[in-house]
Structure formats: structure tokens, C-alpha cells
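Peer 1: Sending over a structure as C-alpha cells; questions will come in a sec.
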Amino acid sequence: MSCKERIAVNDKVVSSSLTGGALFSRNYYIYYKNPAIMQQIPYRPLKHILVCTNEREAGKDCCSHVEGYEIFRELKDWIKANGLASSVWVARTGCLGFCNNVGATVVIYSEQLWFKEVKKDEIEKIKSLVLESVKQTL
């Protein structure tokens, strides 16, 4: 941080940089109001589900060959349909390091639960885990 920039306190801008960006603080998050500078997102989901959809050439194990994208899509659609999109985020990822020819890798945070070889017919178990933990949090 240069001497031209100062930290804002309690949503008040106390100074701005030469680039025109102002530094704000809101709910203990620090972020810039300048499109040229990265900005921290001021939201935190209760849960974050990561689904590997990594693609590799034919003949090599990867989650895209075992319906990784379909698992991601089903979970994402289910979250939206159940009104959980603001508290549970679903994201597809590249390789998570557990390539196999059985099923996709799925991770649930904040619990740090990692599942490998998840098949499409096992998604209901993932949904139950998420729903149960969200109910406990709310």
C-alpha cells in the first residue's frame, strides 16, 4: 500500500489513491472500489461445494469421463430449486488430484469433506449432507 492510500474505517473513506480507487472497510472485509484492482467479495456462503469436471484426453482417467459435469449441474440446479443459492455455492473445478474411472471428486466446505469416486446415483447422499448441515447452521 502506498503512502497515498489509507485504510477506511466504519464505511467511511479516509483517503483515495492516485488511481481513483477508494479503500473501504465493511463488516471486517477490506476491498477496493476500483475496477483496475482486485476486489474481495463481501459474501461468505455457509457451504461451498466443489465438483471436479476436469477433462483429459481419451484413455486417461478424469472426472469429465465419469459424469463430473452432470453431477455439478444436478447439484447446482438442486441448490437453486431449493432456495439455497445465497447460502450454498456450487462450483466446478479443474483437477482436484483424485483421478479415477469410477466417479467424480466432490468437496464440501466448511466441513472439509472430500469424496472421491462419486457416481451420479450417489448424489442424494451429498444433498442430504448439505441439507442437514445447512439446517443446523440456520
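Peer 1: Looking only at region 47-81, which residues are part of a loop (DSSP other than H, G, I, E, B) and touching a Leu at 6+ places or on another chain (Cβ under 8 Å)?
Peer 2: Asn54
Peer 1: Do we find that Ala104 is touching a helix residue (DSSP H, G or I) at 6+ places or on another chain (Cβ under 8 Å) and closer than 15 Å to Cys63 by Cα in this structure?
Peer 2: In short, yes.
Residue-wise test of (1) aliphatic (A, V, I, L, M); (2) farther than 26 Å from Thr137 by Cα; (3) at pLDDT 95 or above.
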| residue | (1), (2), (3) |
| --- | --- |
| Asn27 | no, no, no |
| Arg44 | no, no, no |
| Arg56 | no, yes, no |
| Lys80 | no, no, yes |
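Peer 1: I would also like to ask the following. Which of (1) surrounded by 15 or more Cβ atoms within 10 Å (Cβ to Cβ); (2) in contact (Cβ under 8 Å) with a residue 40 or more places away in the chain; (3) not in a strand (DSSP E or B) does Asn101 not meet, given it meets every other one?
Peer 2: Just one mismatch for Asn101, condition (1).
Peer 1: So Glu111 fits all but one of (1) at pLDDT below 95; (2) in contact with a helix residue (DSSP H, G or I) (Cβ under 9 Å, 6 or more places away or on another chain); (3) buried (at least 16 other Cβ atoms within 10 Å of the Cβ); what number is the exception?
Peer 2: Condition not satisfied by Glu111: (3).
The values are calculated or read from the model by the stated rules, or taken from the named source; none is laboratory data. What you see is a predicted model; the values in this text were computed from it and never measured. A quick note on method: Cβ atoms are made from the backbone with ideal geometry, for glycine too, and the neighbour counts reach across all protein chains shown.
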